[in-house]
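Asks: Pasting a structure below so you can have a look.
The values are calculated or read from the model by the stated rules, or taken from the named source; none is laboratory data. Quantities reported herein were computed from a predicted structural model and do not represent experimental measurements. Don't worry about glycine lacking a Cβ; one is built from the backbone with ideal geometry, like all the others, and counts go over all protein chains shown. Side chains included, ligands, DNA and RNA excluded: accessible areas come from the protein's heavy atoms. Shrake-Rupley method; radii C 1.70, N 1.55, O 1.52, S 1.80 Å.
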Amino acid sequence: MMQILRTVGELRTRVRGWKADGRQVGVVPTMGALHEGHMSLVRAAKRGCDRVIVTIFVNPMQFNNPDDLAKYPRTEDHDAAMLAAEGVDLLFAPLPDEVYPKGFASKVSVSGITAPMEGAMRPGHFDGVATVVAKLFGMTQADRAYFGQKDWQQLQVVKRMVADLNLPVEVVGCETIREHDGLAMSSRNVRLDPLSRAQAPALYKVMTRAATALRDGGAPAAVLGQAREDLRLAGFTEVEYIDLRTAAMLDPMEVLDAPARLLAAAWIGGVRLIDNIPV
Ligand code: AMP
């Protein structure tokens, strides 16, 4: 039976019991509106740990856009049913006051890799992510934590924070799960109107084509310029960035001479989509 807990006190009591029995605890932090991408993290956690906690918390601190926060899909009953069917032991779904009680005054801020891309487009976003993830690690005392490569920069930020702060948790990055047409699964996809949904897979297609051109020796500046143009032609109204960067440090690359990542964010039908692939 999956338990649903809302307070840190109850969560700690439960985890203390598991740890006393020598159980390895895994956590999958999410914002809910679960899909197969989240479920792949849950399955990885089930394989790697004795007990699995999934957290659902739409973290106000990581939203720079109040409209995005207000419109973020919330489907807890459905989420809980999916998690129970997958054999999750505990769903932790606290209210904002439990996570940020009166007087809350601390912040975890990772510099450097948070500066470009999502960090540049969404001021304060990664402070919110790092702070809530550090708090969730403290609350759950998990031995392993599972994150998606879908949010590649976020994954690198979490790894950096864990290394820098010596947090006793192993961060596991899991592959991006896609729809049959290549669109990366995302809780925000439900907000796409039918035309935009039909056009949206172009993001992955254009990125895949660009990655091939880069591997074939194409100059990054020219290839990325073409990709921007292709995205606009495919119906994307704004391309915030499409960047070639070193995979872990996220430094810009002018020549492809090390393991790289191609990362993009673009708007279609009023919805902001992100994706990334290895090069
Ligand atoms: P979110 O609920 O969007 O904050 O995502 C929670 C976790 O699920 C994050 O670690 C995401 O990277 C991961 N995730 C979201 N979408 C996907 C996907 N399509 N494939 C794999 N992981 C995903």
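Asks: Relative to the Cα centre, what is the charge dipole magnitude of region 153-243, using +1 at the beta carbon of each Lys and Arg, -1 at the beta carbon of each Asp and Glu, and rounding to the nearest 20 debye?
Replies: Result for region 153-243 is approximately 80 debye, rounded to the nearest 20.
Asks: Taking region 177-238, how much of its Cα-Cα pair set, in percent, is spaced more than 19 angstrom apart?
Replies: 35 percent
Asks: Additional query: Just to be sure I understand: if I project the alpha-carbon convex hull of region 142-195 onto a plane and average over all orientations, what area do I get in nm²?
Replies: On the way: hull surface 19.1 nm².
Result: 4.8 nm².
Asks: Considering the alpha-carbon set of region 56-163 alone, what are its Rg and its Dmax in angstrom?
Replies: 14.6, 40
Asks: Now for a separate question. Kindly point out which whole DSSP H helices in the chain project their C-alpha atoms 20 angstrom or further along the helix axis while averaging a Kyte-Doolittle hydropathy of -1.0 or above.
Replies: Details: long enough: 125-140 (22 Å, 0.92).
Result, helices passing both filters: 125-140.
Asks: Using the Cα centre of the chain as origin and beta-carbon charges of +1 (Lys, Arg) and -1 (Asp, Glu), tell me which of GLY218, GLY26, THR7 is placed farthest towards the positive end of the dipole.
Replies: THR7
Asks: Rg and Dmax of region 62-124 over Cα atoms: what are they, in angstrom?
Replies: 16.0, 40
Asks: Ok, one more. Run a plain Debye calculation on the chain (Cα atoms as equal point scatterers, no solvent) and give log10 I(q)/I(0) at q = 0.07, 0.15 Å⁻¹, rounded to two decimals, same order as the q list.
Replies: Debye output, listed in q order: -0.26, -1.18.
Asks: Of all trypsin sites (Lys or Arg not before Pro) in region 49-150, which ones are in loop regions per DSSP and have a Cβ with at most 15 other Cβ atoms within 10 Å?
Replies: On the way: sites: ARG51, LYS71, ARG74, LYS102, LYS107, LYS135, ARG144, LYS150; in loops: ARG74, LYS102, LYS107.
Those that pass, being in a loop and sparsely packed, are ARG74, LYS102, LYS107.
Asks: Something else now. With all protein chains present, how much of the accessible area of region 1-158 (probe radius 1.4 Å) comes from carbon and sulfur, to the nearest whole percent? Don't skip to the end; give the middle numbers.
Replies: Values: 3490 of 6830 Å².
Carbon-and-sulfur percentage of accessible area, whole number: 51.
Asks: Next question, about the same structure. If you roll a 1.4 Å probe over the heavy atoms of the protein chains, what accessible area per residue do you get for the chain, in Å²?
Replies: Working: 12770 Å² over 279 residues.
With all protein chains present, the chain gives 46 Å² per residue.
Asks: How large a share of the accessible area of region 160-279, in percent, is made up of carbon and sulfur atoms when the probe is 1.4 Å and the other protein chains stay in place?
Replies: Taking all protein chains in place, region 160-279 shows 56 percent carbon and sulfur surface.
Asks: On average, how much area does the Cα convex hull of region 135-279 cover when viewed from any direction, in nm²?
Replies: Across all orientations, region 135-279 yields a mean hull projection of 9.5 nm².
Asks: Taking the square root of 5 times each eigenvalue of the Cα gyration tensor, what semi-axes in Å does the equivalent ellipsoid of region 1-133 have, largest first? Kindly include the intermediate steps, with their values, before the conclusion.
Replies: Details: eigenvalues 140, 61, 49 Å².
Those come to 26, 17, 16 Å.
Asks: Also, quick follow-up: Before anything else, pin down the relative contact order of region 105-223: Cα pairs under 8 Å, at least 6 apart, normalised by residue count, whole percent. Don't jump to the answer; show the numbers that get you there.
Replies: Values: 99 pairs, mean separation 22.0, N = 119.
Reported as a whole number, the value is 18 percent.
Asks: Hey, another quick one. Using +1 at the C-beta of Lys and Arg and -1 at the C-beta of Asp and Glu, which of TYR100, ALA134, ALA163 has the Cα lying farthest in the positive direction of the dipole of region 95-163?
Replies: Going by the Cα projections, it comes out as ALA163.
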